[in-house]
1. Residue farthest toward the positive end of the dipole of the chain, with Cβ of Lys/Arg at +1 and Asp/Glu at -1: which of 99, 59, 42?
2. To the nearest 20 debye, what charge dipole does the chain have about its Cα centre, counting +1 at the Cβ of each Lys and Arg and -1 at the Cβ of each Asp and Glu?
3. If you roll a 1.4 angstrom probe over the protein chains with everything in place, what fraction of the accessible area of segment 141-255 belongs to carbon and sulfur, to the nearest %?
4. Across segment 1-116, how large is the tail of the calculated P(r) beyond 16 Å, expressed as a percent of all Cα pairs?
5. Of the accessible area of segment 319-381, with the probe set at 1.4 angstrom, what percent is carbon plus sulfur?
6. Charges on Cβ only, +1 for Lys and Arg, -1 for Asp and Glu, centred on the Cα centroid of the chain; of 200, 4, 295, which one is farthest towards the dipole's positive end?
7. Which listed residue (69, 170, 119) has the Cα farthest towards the positive end of the charge dipole for the chain, taking +1 on Lys and Arg C-beta and -1 on Asp and Glu C-beta about the Cα centre?
8. Mind giving me the nanometre distance, one decimal, between the label points for residue 79 and residue 291, set 7 Å out from Cα along Cα→Cβ?
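The values are calculated or read from the model by the stated rules, or taken from the named source; none is laboratory data. No experiment lies behind these values; they were computed from the predicted model shown. Cβ atoms come from the backbone with ideal geometry, glycine included; neighbour counts cover every protein chain shown. Ligands, DNA and RNA are excluded from the accessible area calculation, which covers all protein heavy atoms including side chains. Shrake-Rupley method; radii C 1.70, N 1.55, O 1.52, S 1.80 Å.
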Amino acid sequence: MVLVVVFGVALLIAVLLSGLAARTVLSTSFLFLVGGALVSDGFLGLIHITPDSGIVSVTADLALFAVLFTDGMHVSFPKLRANWRSPARALGLGMPLAFAGTALITHCLVGLDWTTSFLVGAVLAPTDPVFASAIVGRKEVPAKLRQLLNVESGINDGLALPVVLVLIAAAGPTSGHAEASLGRIALELVLGLIFGVVLPFVVIELVRFRLLGAEPKLQPLLPLAIGVILYATCHLTHANPYLAAFSAGAVLTARSPEARKAFEPLGEALAELAKFAALLVFGALLTPQLFGDLAFGGYVVVVLAIVLIRPASLLLSLVGTRFDRREKLVAAWFGPKGFASVVYGLLVLQAGIPQGEEAFTLIAVCIAFSIIAHSSTDVPIARLFDVEDLAGVPGGDEGSRVAEEAGHAGV
């Protein structure tokens, strides 16, 4: 119950300060992260959470699933077909470069063996746009930029998972069986994609039967039911839930835009709640001891991974594309490490590999620094695109409407 009270208080404070956060570098994500750290054993000692606590993996898993499900609903297949090359280059070139670059500096500066270093690179490769919502969620930001960041982050979680699992198997005591796990991993990915496509497709077709259909006040619950069934099915069958979530959201939008519109307010609110809960729990792991366990070389790796490796990798992948310089720089900067890295980092810790604890410490500190850096810079950078109606800014919607009317009047 103490954790529930703490979450309620943190949620109240975040709501009261959300208007200020939307106008400044302060972010609600940062508030929950710091709140979790303050009430942990490292400070006030109100809640007792360790990396092997079940609530850590459950909240991170739910948050990642919910965020990917709602992110998938923002995918436009017509726009994606017209602009597929940039996301493909980010995933096919930018992500492997970031993966290899992080592994190289981890091995050289921290001293982890090559297998564990590549494992750290794989865990930190996925990006999460939920900590850059002022960029991804604003219509004033160029659609191709939003599409790039959204598709990249939605797909790279699923792409990184098989690499993480294979490297864990290679680094662990059963390393001789790493190749045997490839078939199982591939099956999990395929099942996740199949479930994510088939389930929403079937449900939407059922709704179109004459005798079936939801009354208006229950329409938002239809996508929610799909998400709940999909989440449970994936975990029962060991299918990849993250690839399933993103593909289900995209299919749902493509087959039933009205269902997406009805669900969007509820879905965004649920995703925010799941995100805040996961941030609070993850923040409780950020004790002074955790930061003290990371050597100076580890902090250099963290800084380089955030400010050099990801930006350089994506900039290289976008050479020759139609993005202008400002758009390339924004896309390169917003590569936050999010819930996928939390979940995969916990897999590393729980696998019992020889250098698993050192790897998890580096991963956890990198995620914390990334959340702070990216969630605190999304609003200022969004203003570069003349975004006026940021969420929570009084008068923002009105100002946008007046500007639009002035434009129609020829002013």
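1. The Cα lying farthest towards the positive end belongs to 99.
2. Values: 25 positive and 30 negative charges, 215 e Å.
So the dipole magnitude of the chain works out to roughly 1040 debye.
3. The value for segment 141-255 is 72 percent carbon and sulfur by accessible area.
4. 78 percent
5. Here it works out to 59 percent.
6. With unit charges placed on the Cβ atoms, the residue in question is 200.
7. 69
8. 3.8 nm
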